[in-house]
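Below you'll find the structure, written out as structure tokens, and then a few comments.
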Amino acid sequence: MSGLSYISHRSRLITVVGVLAFFLFLSLLGEQSRRLSGHDAVAVSGLLAGKVIVVDPGHGGHDPGTIGVSGVKEKDITLQIARKVASALRSGGAKVIMTRDGDYALGPDKVSDLTARVQRANNSNADLFISIHANSYRSDSRQRGAQVFSQPGAAQSRQLALAIQAELAQ
């Protein structure tokens, strides 16, 4: 059962899952914002001002996620990326809530861990939920590159996911 099925269908909660792509998007946005005039940079920051964004570094604690050939664990990579994403979002004026800020799980098993992550987002009345993963599909070599997912039936979520994916394709 995916984490998406646990998320309530609040119209305000936009869910983007598997958003390693989002970090890349923020990096591109960062490059663009350095080229903006002071007035335009304020406008970009205004888009995030007052928004509540939950950043979820995938896995953690007893759940390492995928493990690379060099032994690097997904949970460590996602935490590093999530910290950078959170910092960039805070710089833009967003209130950021991390589901975890260390190497620990939020529950004793996957179901309770996922439930706790979603509860944190729902309890905070988040405008955006970003779950960061570094997926590996060794059994299916056709799967590669950044993936962006959205909450089924949520038009805003789909629009955001498509915008992020389009930015990555450029």
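The values are calculated or read from the model by the stated rules, or taken from the named source; none is laboratory data. As the structure is a computational prediction, the values presented were derived from the model and not from experiment. Here the Cβ positions follow ideal geometry from the backbone for every residue, glycine too, while neighbour counts run over all protein chains shown. Ligands, DNA and RNA are excluded from the accessible area calculation, which covers all protein heavy atoms including side chains. Shrake-Rupley method; radii C 1.70, N 1.55, O 1.52, S 1.80 Å.
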With respect to residue 156, determine if the residue is in contact (Cβ under 8 Å) with a residue 40 or more places away in the chain and either in a loop (DSSP other than H, G, I, E, B) or touching a Lys or Arg at 6+ places or on another chain (Cβ under 7 Å) (or both). no
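Okay, residues lined up against (1) buried (at least 20 other Cβ atoms within 10 Å of the Cβ); (2) without any contact (Cβ under 8 Å) to a residue 12 or more places away in the chain; (3) within 17 Å of the chain's Cα centre (by Cα); (4) over 14 Å from residue 54 (Cα atoms):
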| position | (1), (2), (3), (4) |
| --- | --- |
| 76 | no, no, yes, yes |
| 82 | yes, no, yes, no |
| 87 | no, yes, yes, no |
| 104 | no, no, no, yes |
| 109 | no, yes, no, yes |
In the stretch 136-156, which residues are out of contact with any His (no Cβ under 9 Å at 6 or more places or on another chain) and loosely packed, with under 14 Cβ neighbours inside 10 Å? 137, 138, 139, 140, 141, 142, 143, 144, 145, 152, 155
Looking at the structure I just gave you, is residue 100 open to solvent by less than 70 Å² (accessible area, probe 1.4 Å), at pLDDT 50 or above and not hydrophobic (A, V, I, L, M, F, W, C)? yes
Which of (1) at pLDDT 90 or above; (2) farther than 26 Å from residue 68 by Cα does residue 86 not meet, given it meets every other one? (2)
When only residues in the stretch 56-74 that are open to solvent by 70 Å² or more (accessible area, probe 1.4 Å) and in contact (Cβ under 8 Å) with a residue 12 or more places away in the chain count, which is farthest from residue 132 (Cα to Cα)? 62
